[in-house]
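Input: a single structure, listed below in structure tokens.
The values are calculated or read from the model by the stated rules, or taken from the named source; none is laboratory data. Since this is a predicted model, take the numbers as computed values, not measurements. Cβ atoms come from the backbone with ideal geometry, glycine included; neighbour counts cover every protein chain shown. Each accessible area value is taken on the protein alone, full model and side chains, heavy atoms only, with ligands, DNA and RNA left out. Shrake-Rupley method; radii C 1.70, N 1.55, O 1.52, S 1.80 Å.
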Amino acid sequence: MSTIDNPRDHWNARFAADDYYFGTEPNRFLCEHAALLPKSGRVLAVADGEGRNGVWLAEQGLDVLSIDFSPLALAKARKLARERGVKLETAEPISPNGVGPSRVHCGGGDLHPVRGAGAARPIFAGVKRALKPGGMLLLQGYRPKQLEYKTGGPPIAENLYTEELLRAAFADLEIVELASHDDPIHEGRGHDGMSALIDLVARKSG
Ligand SMILES: C[S@@+](CC[C@H](N)C(=O)[O-])C[C@H]1O[C@@H](n2cnc3c(N)ncnc32)[C@H](O)[C@@H]1O
């Protein structure tokens, strides 16, 4: 079986080197929305990889649970947190497509769930379950046009997002912001160059 057939092995292989594949600086979209974050409380950083976003959220005074199915990524996330002097709790999801814990306030940025297709993908349901009433979801992904740029992101269209797909997937949340834009990003070796991005900010009512 190739590592593409097994996404967990694929990501573990990417994270095996000593360096940080997506760098150690947080995602720009996440930082630009810092004003939306609560002053304290619980945050879930979904598919947090090597922890650059989860660690930044912890530096904002939040109580962060960083979830990823790559144990190698989570080990590097814990190392980054130690180096930056913040507390970061890490966990592998119970189900590879699920998001386990509840009572969280919001998801982190730059999420690229890779399993499942379309608006009904299980990871979206898990994210919505995990949000507490009033909790915010911040998500940045790639649009199908990214297949032309080839500067990072999943190589198959079904793992890319459109406004239509995200509107349908999060129809039960209040959509605060949904924007498609092309901009350069420079995030380690993984995301580097002009990119077809999509940003979502949504709130669970209550
Ligand atoms: C493009 S990387 C982004 C990592 C991190 N959010 C960042 O921006 O640096 C996607 C991450 O999703 C994780 N991942 C993919 N599918 C997953 C799943 N079904 N459950 C948990 N983690 C998953 C991978 O291990 C990888 O760390």
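Matching residues to (1) touching a Pro at 6+ places or on another chain (Cβ under 9 Å); (2) part of a helix (DSSP H, G or I):
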position	(1), (2)
GLU164	no, yes
ALA171	no, no
MET194	yes, no
ILE198	no, no
ALA202	no, no
SER205	yes, no
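Taken over region 156-181, the criterion of being touching a Leu at 6+ places or on another chain (Cβ under 7 Å) and over 20 Å from LEU137 (Cβ atoms) is satisfied by ALA157 alone.
State whether the residues of region 188-197 include one that is of a type outside the set (Lys, Arg), touching a His at 6+ places or on another chain (Cβ under 6 Å) and crowded, with 18+ Cβ neighbours inside 10 Å. Yes, that holds for at least one residue. With respect to ASP68, is the statement that it is open to solvent by 10 Å² or more (accessible area, probe 1.4 Å), closer than 17 Å to GLU187 by Cβ and charged (D, E, K, R) true? When the stated conditions are applied, ASP68 passes them. Only residues that are closer than 24 Å to PRO133 by Cβ, within 10 Å of the ligand (Cβ to nearest atom) and in a loop (DSSP other than H, G, I, E, B) were counted across region 18-61, and they come to 2. Taking the conditions (1) open to solvent by less than 60 Å² (accessible area, probe 1.4 Å); (2) at pLDDT 95 or above; (3) farther than 25 Å from LEU37 by Cβ in turn, ILE175 satisfies each one other than (3). Just one of the listed residues (LEU80, LEU44) is surrounded by 15 or more Cβ atoms within 10 Å (Cβ to Cβ) and closer than 28 Å to LYS204 by Cβ, namely LEU44.
Pull up region 1-17, narrow it to residues that are part of a loop (DSSP other than H, G, I, E, B) and modelled with pLDDT of 95 or more, then point me to the one that is surrounded by the most Cβ atoms within 10 Å (Cβ to Cβ). If we take residues in region 1-17 being part of a loop (DSSP other than H, G, I, E, B) and modelled with pLDDT of 95 or more, then PHE15 is surrounded by the most Cβ atoms within 10 Å (Cβ to Cβ).
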